[in-house]
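What follows is a set of notes on a single structure, which appears directly below.
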Amino acid sequence: MSAAEFLRAAVGTGHAVRLLARRGTPVLDGVLAVRQLGQAALVERAGTADAHTASALVDVLHGASMVPVALLGGRLRRFAALQVVLAVTLAVAEVAAVGHGRRR
C-alpha cells in the first residue's frame, strides 16, 4: 500500500470513528468516510500513475470547495479548515507517489 493510500485510509477511518461516536458532523463524516476509504481502495487497486493523478485532482477540488466554508462557515469553519489541510496533504502525497513519471 502506498503512503498516500495508507494516509487516506487513516483519514477515512477517522471520519468513520467520529460518525460511530456520534461526534462532530455526522452527515459530512459519513460521506467523507465512504469517499476516502473508497478512493484509497480504488487507487490502490489500480496502482497506476493516472489513478494517483485523478485522486490528487479529487483532493484539490475537495480542498477548493472547503475554502469558502473555512472562511465563512460559522460552526463548520474549523472542520472545513482541517479539510483544506488534509486535502492539500493528500494531493501532495498523491503527486509524490507519481514522482517524475516513473511507475511504482
With the contact rule set at Cα under 8 Å and sequence spacing of 6 or more, what percent relative contact order holds for the chain? 29
Compute the semi-axes of the equivalent ellipsoid of the chain, taking the square root of 5 times each eigenvalue of the Cα gyration tensor, and list them largest first in whole Å. 25, 16, 9
With each label point set 7 Å from Cα along the Cα-Cβ vector, what nm distance links residue 31 and residue 76? 0.7
Rounded to whole Å², per residue accessible area for segment 34-104 with a 1.4 Å probe reads 63
In what sequence, highest mean first, do 19-32, 51-64 appear when ranked by Cβ atoms within 10 angstrom? 51-64, 19-32
Report the semi-axes of the equivalent ellipsoid for segment 13-61 in whole Å, largest first, where each axis is √(5λ) for an eigenvalue λ of the Cα gyration tensor. 25, 11, 6
What's the extension gain from residue 61 to residue 22 if we count 0.36 nm per residue and subtract their Cα-Cα distance? 11.3 nm
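The values are calculated or read from the model by the stated rules, or taken from the named source; none is laboratory data. Just so you know, these numbers come straight off a predicted model, no measurement behind them. Neighbour counts are summed over all protein chains in view; Cβ atoms, including those assigned to glycine, are modelled from backbone coordinates with ideal geometry. Calculation scope for accessible area: heavy atoms of the full protein, side chains included, ligands and nucleic acids excluded. Shrake-Rupley method; radii C 1.70, N 1.55, O 1.52, S 1.80 Å.
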